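A quick write-up on the structure given underneath.
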Amino acid sequence: MPPAISATATGPLSITFRAILLIILLALALRTYEWVAHDYRMPWTPLSLAAPIGPFTTRKIDALADDTPFCHALLEEAAIGYSPLPPVSAGPQCGYDNGVTLTRDRPQAIAYSPAAKTSCPMAVSLVLWENQIVNAAAALHLGTTVEQIITYGSYSCRRIGGGQTGNYSEHATANAIDIAAFRLADGRTVSVAGHWNANDERSRFLKEVRDGACSLFATTLSPDYNEAHEDHLHLDQAPRGGSQYCR
């Protein structure tokens, strides 16, 4: 009777199996590393205007305040048309040194009226908002595209609410903008003052662009907040470490 074959894992077959298993484990580890290192949802991945809005997008926009060259590079890569602005100094609470104008001189870019002159981080935020929220909401609810966004401006050296006391507004550093209306490619105009409570596709569009802004901007205020905002959406990127306030 021939001797029994030992099941001890010491032969060439066992060595081959171990090698294959090691290769599989290494491949899985590499794939996991690639995902962790480059996924847009991770806090350490660089901001990209081509990536969806993620849980750390607002925090990454915060960081642009200290990295104007990278902020400019993002706008350049987006190819939407922008120009740096000269610094403005109006006392310790007002002014900016990282302002840009969104010239919107490229095809398919949404224009601003008047031209949006904001801090560079706010400009980056607006590009993300337009590309990933405004355009999609217009297509869904209005069956068209947005050609122009009408604003009440960005930079204004004033306190919150325009009073004589209290904290200065984010407008004082061009880190905010007030959105009044949207002009559509089919000739219609949808305004916050006229259509917020219209209970039709226009109000659904406005509320969706507000809700989408809440996932991106540090502060989003609408007519649901108070009477002072009954005719516009206030959007800003107050430096709160990524936290957001939405009404």
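At 222 nm, what value in deg cm²/dmol follows for the chain if DSSP H runs of at least 4 each add -39500 (n - 2.57) and the sum is divided by all its residues, to the nearest 500?
That comes out to -10000 deg cm²/dmol.
Return one number: the angle in degrees, 0 to 90 and rounded to the nearest 10, between the long axis of the Cα atoms of helix 120-129 and the longest principal axis of the Cα atoms of the chain.
80
In nanometres, what is the gap between the two model label sites at N199 and R18, each 7 Å from Cα along Cα-to-Cβ?
It is 7.5 nm.
Determine the sum of side-chain charges near R210: Lys and Arg each +1, Asp and Glu each -1, restricted to other residues whose C-beta is under 12 angstrom from that of R210. Kindly include the intermediate steps, with their values, before the conclusion.
Working: positive: R204, K207, R247; negative: E208, D211, D224.
Local charge sum for R210: 0.
Which angle from 0 to 90°, rounded to the nearest 10, does the C-alpha axis of helix 201-214 make with the longest principal axis of the chain?
60
For segment 169-218, what is one quarter of the convex hull surface built on the Cα atoms, given in nm²?
Working: hull surface 17.5 nm².
Projected area, direction-averaged: 4.4 nm².
Here are a few candidate values for Cα extents along the principal axes in Å: [x] 102, 45, 35; [y] 61, 37, 31; [z] 64, 41, 38. Which one was actually calculated from the structure I just gave you?
[x]
Once every Cα of segment 153-247 carries one equal point scatterer and solvent is ignored, give the base-10 log of I(q)/I(0) from the Debye formula at q = 0.13, 0.22 Å⁻¹, two decimals.
The Cα Debye sum returns log10 ratios of -0.46, -1.14.
May I ask for the equivalent-ellipsoid semi-axes of segment 79-198, computed as the square root of five times each C-alpha gyration tensor eigenvalue and listed largest first in whole Å? Can you show the working numbers first?
Numbers: eigenvalues 152, 66, 20 Å².
The equivalent ellipsoid of segment 79-198 has semi-axes of 28, 18, 10 Å.
Only the coordinates and a few stated rules stand behind these numbers; no lab work does. What you see is a predicted model; the values in this text were computed from it and never measured. A quick note on method: Cβ atoms are made from the backbone with ideal geometry, for glycine too, and the neighbour counts reach across all protein chains shown.
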